[in-house]
Amino acid sequence: MSCYIFLFVVFAGFVVYANSDAITCYTCNGRKDPKSCSPGTIKKCAEGDDTCLSIIHKGAEFKGCSTDKYTCGYRKPNGKKVYETCSHCEKDLCNKEWFGHDLLEKNGTTS
C-alpha cells in the first residue's frame, strides 16, 4: 500500500512541476468588450504557448497566449502588416500594460 502512495505522490509532483512551466498572460477581446482589456483576464496558457501578445487589429485590442513570438511580424501577400500594432513578451503577466492601449485611448476607441 505504501508503494501506491509513493507512486501517487511522485506522479502528483510531476504534474505540478510540468504545469509550472506554462506562462500566464492577460487575455481579452476588445471587439466584444473594449473595457475587458484594462488589463484583461488572467489565464494560464496551454502547454507550448510561451508568448503573451497584445494586438490592435481593425481598431480593437486583443490580448492572449501564443506559440509564436513572430506573430507580430505576420504580413499579408501585399507586404502590409496583418496587425496595426502588436507587441509580444515571454514572462508571466508581461502584457498587462503596453503602448497600444494608450494609442487606442488617443484615437477615442476606448473609454
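Neighbouring Cβ atoms within 10 Å as the yardstick, rank Tyr83, Tyr74 fewest first.
Tyr74, Tyr83
Could you tell me whether the range 25-68 comes out rounded, prolate or oblate from its Cα gyration tensor? Rule is a ≥ b ≥ c as square roots of the eigenvalues, rounded for a/c under 1.5, then prolate if a/b exceeds b/c, otherwise oblate. Don't skip to the end; give the middle numbers.
Details: a/c = 3.00, a/b = 1.66, b/c = 1.81.
Oblate, because a/c is 1.5 or more while a/b does not exceed b/c.
Got a sec? How would Arg75, Arg31 order by Cβ neighbour count within 10 Å, fewest to most? Working shown, then result.
Values: Arg75 10, Arg31 13.
Ascending Cβ contact count within 10 Å gives the list Arg75, Arg31.
Using a cut-off of 11 Å between beta-carbons, work out the net charge of the residues near Lys58 (Lys and Arg +1, Asp and Glu -1, Lys58 not included).
Details: positive: Arg31; negative: Glu61, Glu84.
Value of the local net charge: -1.
Can you tell me the length gained on complete extension of the stretch Tyr70 to Lys44, counting 0.36 nm per residue apart and subtracting the Cα distance? List each step's numbers first, then the result.
On the way: separation 26, 0.36 × 26 = 9.36 nm, distance 2.03 nm.
Extra length available between Tyr70 and Lys44 comes to 7.3 nm.
Could you compute the net charge surrounding Lys43? Neighbours are other residues with a C-beta less than 10 Å from the C-beta of Lys43; K and R count +1, D and E count -1.
Working: positive: Lys44, Lys63; negative: Asp49.
Spelling it out: positives minus negatives among the neighbours equals +1.
Please compare each pair in Lys43/Lys81; Lys43/Lys76; Lys44/Lys76; Lys32/Lys76; Lys58/Lys81 to a cut-off of 22 Å on the Cα-Cα distance and tell me which ones are over it. Numbers along the way, then the final one.
Details: Lys43/Lys81 27 Å; Lys43/Lys76 29 Å; Lys44/Lys76 30 Å; Lys32/Lys76 24 Å; Lys58/Lys81 12 Å.
Pairs exceeding 22 Å: Lys43/Lys81; Lys43/Lys76; Lys44/Lys76; Lys32/Lys76.
Suppose R0 equals 22 Å. What FRET efficiency, 1/(1 + (r/R0)^6) with r the Cβ-Cβ distance, do Lys81 and Arg31 give to the nearest 0.05?
The formula returns an efficiency of 0.75 here.
Rounded, prolate or oblate for the range 22-106? Axes are the square roots of the Cα gyration tensor eigenvalues, ordered a ≥ b ≥ c, and the cut-off for rounded is a/c under 1.5.
Working: a/c = 1.94, a/b = 1.12, b/c = 1.74.
Taking the square roots of the gyration eigenvalues as a ≥ b ≥ c, the range 22-106 is oblate.
Bear in mind that the values in this text are calculations on the coordinates, not laboratory data. None of the values given here were measured: they were computed from a predicted structure. With ideal geometry, Cβ positions are generated from the backbone for all residues, glycine too; neighbour counts draw on all protein chains shown.
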